[in-house]
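Notes for the one structure printed next.
The values are calculated or read from the model by the stated rules, or taken from the named source; none is laboratory data. On a predicted model such as this, the values are computed, not experimentally measured, just so you know. As a convention, Cβ positions derive from the backbone with ideal geometry for all residues, glycine included, and neighbour counts pool all protein chains shown. Protein only, heavy atoms only, side chains kept; ligands, DNA and RNA dropped before computing areas. Shrake-Rupley method; radii C 1.70, N 1.55, O 1.52, S 1.80 Å.
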Amino acid sequence: MIYVLGSINNDISLEMERMPKKGETLIADSCRMGLGGKGANQAVAIARLARKYDDGRKAVQMIGKVGTDAVGTELKNKLESYGVGVEFVRQVNRSTGTAIVTVCGKNNRIMVYSGANLGISKSDIDEALMNAKSTDTLLCQMEVPMYIVGYALSQARARGMTTILNPAPAHEMPEDMYYNVDVIAPNETETEKLTGINPKDWDSQLAAMKEFHRRGVRYVVLTLGGNGCAISDNGKLISHIPARKVPVVDTTGAGDTFVGALALTYPHVGMYSFEEACIFATRAASFTVSRQGAADSIPSFDEVSELYNTKIEA
């Protein structure tokens, strides 16, 4: 089982010819609304990429909060329709989180109102992980309060679970928090903010990964957008995995697809290496950038398997 602690947002996506200047009003070319938030997107990625269990079990459980408003109810139902377990998704008397996404060609900018996402408590974590096993995985991001993320990681570590952190958006973290992270997966901006190193070339990427290792993280994945990713297993395995070249339509959700696919294939499956899991994640993310939207653009396992003839089965 994979538990995803994170944000659930109502995404409002505006497609623009260009970004407005200061004081300027522009008319958007299109507007879409739907399920978003890094936590929700990554949970959906896992559910869509996972093979179905014959006994009806779900591969992923979401831990999060939405409002008691109609939007919150709709998003919770949407998560469930994608195959995500919502037993630990609570509705509270706060507005549902909202993200405004502006898309201009290959570029996007995102503004977020956290709302109900800030209401997650330690007791919510205790309840969700009560029956978790050492073979389970906890995946976190940083769109919910940091002290909750730190608490969840420590509780998961105490249970022997695998812990994965996508430090997005990046915030300065206490050093001891890293020791409860097995796999960290920042992008270029997050890497520079956390380490002070701009991973612009191979030498700087090596230096950044080494810094994460120094802080106590064993597996490091630096996601590099169109340049793929750089990975390191505590220096024992160091590799660069190139991105698949596809027509780029919308980059929204690509990073979340990558992280969700990584959480699913390593070490949840148990038969594939860290490097193989990162290759699969890169392939899955390539689908997302070729489609519009966030959660709706995430591919199924069969789509990735058919295109790339991969043998990885989740």
Return yes when Tyr3 is of a type in the set (Phe, Trp, Tyr), out of contact with any Pro (no Cβ under 9 Å at 6 or more places or on another chain), farther than 18 Å from Gly255 by Cβ and surrounded by fewer than 19 Cβ atoms within 10 Å (Cβ to Cβ) and no when it is not. no
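To keep it simple, each residue is scored yes or no on (1) modelled with pLDDT under 85; (2) touching a Cys at 6+ places or on another chain (Cβ under 7 Å); (3) open to solvent by less than 70 Å² (accessible area, probe 1.4 Å).
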| site | (1), (2), (3) |
| --- | --- |
| Asp11 | no, no, yes |
| Lys22 | no, no, no |
| Met33 | no, no, no |
| Gly37 | no, no, yes |
| Asp55 | yes, no, no |
Out of Glu303, Glu275, I need the residue that is open to solvent by 10 Å² or more (accessible area, probe 1.4 Å), modelled with pLDDT of 70 or more and under 26 Å from Ile184 (Cβ atoms). Which one? Glu275
Could we say that Tyr151 is within 22 Å of Ala208 (Cα to Cα), among the aromatic types (Phe, Trp, Tyr) and open to solvent by 20 Å² or more (accessible area, probe 1.4 Å) here? no
I'd like to know if the range 90-105 contains one or more residues that are closer than 19 Å to Val4 by Cβ, open to solvent by less than 10 Å² (accessible area, probe 1.4 Å), in contact with a Phe, Trp or Tyr (Cβ under 8 Å, 6 or more places away or on another chain) and assigned to a strand (DSSP E or B). yes
Considering every residue within the range 37-45, establish whether at least one is over 21 Å from Val103 (Cβ atoms) and without any contact (Cβ under 8 Å) to a residue 12 or more places away in the chain. no
Residues of the range 110-144 being open to solvent by 10 Å² or more (accessible area, probe 1.4 Å) and assigned to a helix (DSSP H, G or I), in sequence order, are Leu118, Gly119, Lys122, Ser123, Asp124, Asp126, Glu127
Residues that are within 13 Å of Tyr3 (Cβ to Cβ) and assigned to a loop (DSSP other than H, G, I, E, B), drawn from the range 145-159: Arg159
